[in-house]
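Down below is the structure, laid out as C-alpha cells.
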Amino acid sequence: RVAPRTEIKGAMNQDESLSKAIWKPSANKEMLKYRAHLLAQVRDFFSRQGVMEVDTPVLATTSVTDINIESITARVNQSECYLQTSPEYFMKRLLAAGVGDIYCMGKVFRDGEIGPRHNPEFTLLEWYRLDWDEHQLMAEVSALIKYLYSSLNQIEPEVSHFSYAECFSKVFNVDPHSCPLEVLHALAIDIGAENWGKETRANCLDLLFSQRVEPSLPSGLVFIYDYPVCQAALSEIRHTGTGELVSRRFEAFLNGVELANGYYELTAAEELRERFEADNRSRSSMGQNHMPFDRFLASAMESGLPSCSGVAVGIDRLLMSVYAVDSIEQVIPFNWQRC
C-alpha cells in the first residue's frame, strides 16, 4: 500500500532527529588526542627499528578465502571487486619483490562484524620481518606494546606465553591436537552449543577456546602459540619435540581482548593454492560465496616469498585495552551507526 503522507512525514522527522542526535564523533576529544599520539608513536617505533612503511590498495579484484572472514564488495567498471580485509596479499607481493622489512597501518574492511569490539571499517597495523621466526616476532610485538604504554604514561603490562595445548588442556583436560572430534563435539554441546554435533574440528576448537579458554587467561599481554594444524591459515606447519604437528601461528591477548594474529609464513606456492582451494570447498559447504584465487599473489609466491614472519595488530582494540573502555565506538572518530 502507499503510505499516507502523515506516515512518510513522521518517518522523515524520525530520521532527521536521529541524524541530529548522532552527527558528532563517537570518540571524545581527549580520546582522539590519545589516538593521534598512539599512531605517531607506532610510526616512531618502526622508524627506530628500520622498518619501512608502505601503503597498499584497499580495493582489489580478489580477497581472502578464510571461512571466518566475509569481504565487503564494490563495483568498478561494472565488475565486482572487494574492499580488503588486510594488506597481507599486497605486502607479500612487496616482500617477494625484495623490498625488505615493511609495515602498513591503515583501514581495512570486514562484513558482518558490528558490535562492542567490531566495526565494518577498522585500523590494522601489519608488519613482516625477514628471516625471523614467530618467537622473535612475539618479542617485537611485546616491545611495541611496552613502548606504546610507556609513551602514554601507562604501567607496562605483564607478559606471559603459553602453548595452545597447555592452556586448552588446563581448562578441558584434553589434548586439542590429538583428541577425537567426537570429544570436541561433546564439549561444545556441553557448553551450550546444542547443534554442534556435526561441526568441523576447527570450528569446535574455535568455539571452545573463545568461550572457555580466553576468559581464563591472565591479565596483561598473553601470547598463545603452536595452534592446531586445522587452524593453520597461511602459517607453516612443524613437528613438536613430542612428534605432534602444530601450526606456527600465534595470537596475542591484551587484558582479555584479542589483539594480534601472527604467523611464521607459509612460503610454498603449491601449498598456498591447496589451502585456498580447501577454503573454498569449506565455503561452498557452508553456503558462503566462492572467492576468486589471487593470481598475482600466486605468481609472487612462485617467484619466491622470502622466509619471514608477519603479524597484524588491531589498533582500535589496542586503544580499548590501554584505556579500559568496553566499546570500539569510544576509540574511533565515527562508528558505523554514524556513517
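The values are calculated or read from the model by the stated rules, or taken from the named source; none is laboratory data. Note that this is a predicted model, so its numbers are computed, not measured. Ideal geometry is used to build each Cβ from the backbone, glycine not excepted, and the neighbour counts take in all protein chains shown. Ligands, DNA and RNA are excluded from the accessible area calculation, which covers all protein heavy atoms including side chains. Shrake-Rupley method; radii C 1.70, N 1.55, O 1.52, S 1.80 Å.
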**Message:** What value in Å³ per residue do you get for the convex hull of the alpha-carbon atoms in the range 26-150?
**Reply:** 150
**Prompt:** Using a 1.4 angstrom probe and counting only protein chains, how large is the accessible area of Thr56 in Å², to 10?
**Reply:** 30
**Whole-Å distance, taken between Cα centres, linking the range 202-249 and the range 117-134** = 18
**Item:** Amide hydrogen neighbours beyond the local backbone of Asp111, cut-off 5 Å, H modeled
**Value:** Glu70, Ser71, Ile72
**Complete:** At R0 = 22 Å the Cβ-Cβ FRET efficiency linking His135 and His239, nearest 0.05, sits at 0.85
**Asked** Antiparallel as a % of all DSSP beta bridges within the range 133-276, to the nearest 5?
**Response** 75
**Prompt:** Given R₀ = 25 Å, FRET efficiency for Tyr323-Asp44 by Cβ-Cβ distance, to 0.05?
**Reply:** 0.80
**Item:** Computed accessible area, Thr73, all protein chains, 1.4 angstrom probe, square angstrom
**Value:** 80
**Asked** Could you give me the ³J(HN,Hα) list for the range 192-207, computed from phi with Karplus coefficients 6.51, -1.76, 1.60 and θ = phi - 60°, whole Hz, x at Gly and Pro?
**Response** x, 8, 4, 9, 9, x, 10, 6, 6, 4, 4, 5, 4, 4, 4, 4
**Potential extension, Met286-Arg273 segment - 0.36 nm per residue separation minus Cα distance** = 2.7 nm
**Message:** Rolling a 1.4 Å sphere over the protein heavy atoms, what is the accessible area per residue of the range 298-339, to the nearest Å²?
**Reply:** 38
**Request:** Quick one: order Trp196, Trp127, Trp336 from most to least accessible surface, probe 1.4 Å.
**Result:** Trp336, Trp196, Trp127
**Message:** Taking the Cα centroid of the range 137-155 and of the range 26-56, what is the distance between the two, rounded to the nearest whole Å?
**Reply:** 13
**Message:** Given a 10 angstrom Cα cut-off, can you work out which residue in Glu134, Glu80, Glu236 is the most mobile in a GNM of the chain?
**Reply:** Glu80
**Item:** Shape parameters for the range 249-304, alpha-carbon atoms, Rg then Dmax in Å
**Value:** 14.7, 41
**Asked** To the nearest 500 deg cm²/dmol, what mean residue ellipticity at 222 nm is calculated for the chain from DSSP H runs of n ≥ 4 alone, each contributing -39,500 (n - 2.57), summed and divided by the residues?
**Response** -12000 deg cm²/dmol
**Fill in**
Note to self: Kirkwood Rh of the chain, Cα pairs, one decimal, Å, is 21.8
**Fill in**
With Rh as the Kirkwood radius over Cα pairs, the range 240-339 has Rg/Rh of 1.07
**Request:** Whenever you get a sec, compute what percent of the accessible area on the chain sits on carbon and sulfur atoms (1.4 Å probe).
**Result:** 50
**Message:** Quick check for you: with a 1.4 Å probe and neighbouring chains kept, what is the accessible area per residue of the range 44-96, in Å²?
**Reply:** 49
**Request:** With θ set to phi - 60°, apply the Karplus curve 6.51 cos²θ - 1.76 cosθ + 1.60 along the range 167-175 and write out the HN-Hα couplings as whole Hz, x wherever there is a Gly or Pro.
**Result:** 6, 5, 5, 5, 8, 10, 6, 9, 7
**Cleavage-rule hits (GluC sites (Glu not before Pro)) in the range 171-202: DSSP loop, at most 15 neighbouring Cβ within 10 angstrom** = Glu194
**Asked** Applying the Karplus parametrisation 6.51 cos²θ - 1.76 cosθ + 1.60 with θ = phi - 60° to the phi angles of the range 125-137, what ³J(HN,Hα) value in whole Hz is obtained for each residue in order, glycine and proline being reported as x?
**Response** 9, 9, 8, 10, 10, 6, 6, 9, 9, 5, 6, 5, 5
**Item:** C-alpha center-to-center spacing [the range 270-328, the range 84-101] in angstrom
**Value:** 12
**Complete:** Listed by chain and number, the residues whose amide H is under 5 Å from that of Glu53, excluding neighbours fewer than 5 places away on the same chain and using placed H, are Tyr103
**Message:** Given a 10 angstrom Cα cut-off, can you work out which residue in Tyr323, Tyr164, Tyr103 is the most mobile in a GNM of the chain?
**Reply:** Tyr323
**Asked** What residues have an amide H closer than 5 Å to that of Leu59, excluding those fewer than 5 places away on the same chain, when H is modeled at 1.01 Å from N in the peptide plane?
**Response** Gln84
**Item:** the range 120-200, accessible area per residue, ligands and nucleic acids excluded (1.4 Å, Å²)
**Value:** 51
